[in-house]
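A.B. asks: Sharing a structure here in structure tokens format.
The values are calculated or read from the model by the stated rules, or taken from the named source; none is laboratory data. Because the structure is a prediction, the values reported are computed rather than measured. Neighbour counts are summed over all protein chains in view; Cβ atoms, including those assigned to glycine, are modelled from backbone coordinates with ideal geometry. All accessible areas refer to the heavy atoms of the entire protein, side chains included, with ligands and DNA or RNA removed. Shrake-Rupley method; radii C 1.70, N 1.55, O 1.52, S 1.80 Å.
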Amino acid sequence: MTLTDYRTLGRSGLIVSPLALGTMTFGNAAWGSPDDASAQILDAYLEAGGNVIDTADVYSGGRSEELLGQLIAERGIRDQVVLATKFGFNARRGDPHAGGNGRKHIRAALEGSLRRLKTDHIDLYWLHVWDMVTPAEEVLQTLVGLVQAGHIRYFGLSDMPAWYAAKMAALAQAHQVPGPIAMQLEYSLVARDIETEHVPAARDGGLGLMPWSPLAGGFLAGKYEQGTAGVTGQGRLRGANPFQGPFTKFTERNWAILEALKEVAAEVERPPAQVALAWLTAQPGVTSTILGASRLTQLQDNLAALEITLTPAQLGTLDAASAPAGAFFRPELRRVVFGGADVRNWDEQG
């Protein structure tokens, strides 16, 4: 597989690469990539045939969008790329209207993104996070209006309950209006909880899956080691990051998964990060996985994951080591229901 093995995102006509370029590192002086490195990363991704560029209005306080808009304009590639950005998180502390999923904020957020990105439309506009208060009907009506006005082409949902996405998809279908075409969620060998509800909901509603944090913040790249003196290794997970406290990646379960990953990586003679990405791109429903990179070599190494085809045995090893705990609806239950017979769903037959 290569970046030019294009596919449609969900039940839509939007054509995307199997790996998307995440630009949260762009314009981030603290732990991201300086402007010249960001330009090199973008050029390398485009030269390899990639066409999806993902950002958000809050990345680096808007600087990611500004830099990306400048780079795209300089290269004259606006019509060749799928430009995606997001709304939802607060951009002005103390002002509740500067965040959330209400119509007032969505329109204000879009105006800011269009200005920073130097464009008149967004190809894929994401609800960045469910705000837990705005009705799905209002969000759908607002986004449909933006599609009809030509300000956005498609929209998707990120970090929301499965029932919320299913409701919005059903409302759109019932009213015969444009609906969400994709879900963007954390998904990796150490984060497989979405398989219980979100993956089936996406399949039923015709939404493609676009995972974020496929390497668990660098944990699955093997950057960290567990020793008697504690965790060693330097990276995002060692400093200020969103994966602290109850979200930490340094758990006994995850260390065991990492060991299984290293075993398979040794078999195929590839780095653990590439094998983790190869496992994820092989999962049902995954259409395009978001890669972040702060260095050109990091991007190049991750793109090489597309060259790997894991055997059924290797996939089985990784599946067994990382299986979500406590899932009720699983293949074993299905076999109980059907008296021991292995009955496949219509879209599981190959």
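A.B. asks: Tell me yes or no: at least one residue of segment 186-200 is touching a residue at least 60 places away in the same chain (Cβ under 8 Å) and closer than 17 Å to Ser12 by Cα.
C.D. replies: No, every residue in segment 186-200 fails to be touching a residue at least 60 places away in the same chain (Cβ under 8 Å) and closer than 17 Å to Ser12 by Cα.
A.B. asks: Cβ-Cβ under 9 Å, sequence separation 6+ or interchain: first residue in segment 98-113 and on the phi > 0 side of the Ramachandran plot, partner of a type in the set (D, E, K, R). Which pairs?
C.D. replies: Gly100/Asp131
A.B. asks: I'd like the full set of residues that are in a loop (DSSP other than H, G, I, E, B) and over 25 Å from Arg7 (Cα atoms), limited to segment 284-338.
C.D. replies: Result: Ser294, Arg295, Ala323, Pro324, Ala325, Gly326, Ala327, Phe328, Phe329, Arg330, Phe338.
A.B. asks: Inside segment 125-162, can you point out the residues that are touching a Gly at 6+ places or on another chain (Cβ under 6 Å) and either of a type outside the set (S, T, N, Q) or over 25 Å from Pro200 (Cβ atoms) (or both)?
C.D. replies: Trp126, Leu127, His128, Val129, Asp131
A.B. asks: Where in segment 1-113 are there strands (runs of 3 or more DSSP E), lying wholly inside it, with at least 2 residues that are more than 16 Å from Leu303 (Cβ to Cβ)?
C.D. replies: Strands (runs of 3 or more DSSP E) meeting the threshold: 82-87.
A.B. asks: Now for a different question. Residue check: is Leu46 within 22 Å of Ile181 (Cβ to Cβ) and either open to solvent by 20 Å² or more (accessible area, probe 1.4 Å) or of a type outside the set (Gly, Ala, Ser) (or both)?
C.D. replies: For Leu46, the condition - within 22 Å of Ile181 (Cβ to Cβ) and either open to solvent by 20 Å² or more (accessible area, probe 1.4 Å) or of a type outside the set (Gly, Ala, Ser) (or both) - is not met.
A.B. asks: A further question on this structure: Restricting attention to segment 162-205, which residues are within 30 Å of Val264 (Cα to Cα) and hydrophobic (A, V, I, L, M, F, W, C)?
C.D. replies: If the condition is that a residue be within 30 Å of Val264 (Cα to Cα) and hydrophobic (A, V, I, L, M, F, W, C), then Met183, Leu185, Leu189, Val190, Ala191, Ile194, Val199, Ala202 are the ones that fit.
A.B. asks: Any idea which of (1) closer than 21 Å to Asp159 by Cβ; (2) surrounded by 16 or more Cβ atoms within 10 Å (Cβ to Cβ) is the one His121 doesn't satisfy?
C.D. replies: All conditions pass for His121, except number (1).
A.B. asks: With respect to Thr142, determine if the residue is of a type in the set (Val, Ile, Thr), part of a strand (DSSP E or B) and surrounded by 17 or more Cβ atoms within 10 Å (Cβ to Cβ).
C.D. replies: no
A.B. asks: Can you tell me which of (1) modelled with pLDDT of 95 or more; (2) open to solvent by 60 Å² or more (accessible area, probe 1.4 Å); (3) more than 21 Å from the chain's Cα centre (by Cα) is the one Thr4 doesn't meet?
C.D. replies: Failed condition: (3).
A.B. asks: Let me ask something else about it. Any chance segment 96-106 includes a residue that's modelled with pLDDT under 95 and open to solvent by 20 Å² or more (accessible area, probe 1.4 Å)?
C.D. replies: yes
A.B. asks: Determine if segment 203-214 includes at least one residue that is open to solvent by less than 10 Å² (accessible area, probe 1.4 Å), within 24 Å of Thr25 (Cα to Cα) and in contact with a Phe, Trp or Tyr (Cβ under 6 Å, 6 or more places away or on another chain).
C.D. replies: Yes.
A.B. asks: Please enumerate the residues belonging to segment 260-301 that are touching a residue at least 60 places away in the same chain (Cβ under 8 Å), open to solvent by 30 Å² or more (accessible area, probe 1.4 Å) and over 22 Å from Leu46 (Cβ atoms).
C.D. replies: Pro284, Gly285
A.B. asks: Looking at Val129 and the list (1) open to solvent by 10 Å² or more (accessible area, probe 1.4 Å); (2) without any contact (Cβ under 8 Å) to a residue 40 or more places away in the chain; (3) part of a loop (DSSP other than H, G, I, E, B), which single condition is not satisfied?
C.D. replies: The number of the failed condition is (2).
A.B. asks: With the requirement that a residue be out of contact with any helix residue (DSSP H, G or I) (no Cβ under 8 Å at 6 or more places or on another chain) and touching a residue at least 24 places away in the same chain (Cβ under 8 Å), what does segment 149-172 give you?
C.D. replies: Correct list: Gly150, Gly156, Ser158, Asp159, Met160, Pro161.
A.B. asks: Give the residue, chosen from Arg92, Arg75, that is at pLDDT below 95 and either closer than 25 Å to Gln141 by Cβ or open to solvent by 50 Å² or more (accessible area, probe 1.4 Å) (or both).
C.D. replies: Result: Arg92 is the single residue among Arg92, Arg75 that is at pLDDT below 95 and either closer than 25 Å to Gln141 by Cβ or open to solvent by 50 Å² or more (accessible area, probe 1.4 Å) (or both).
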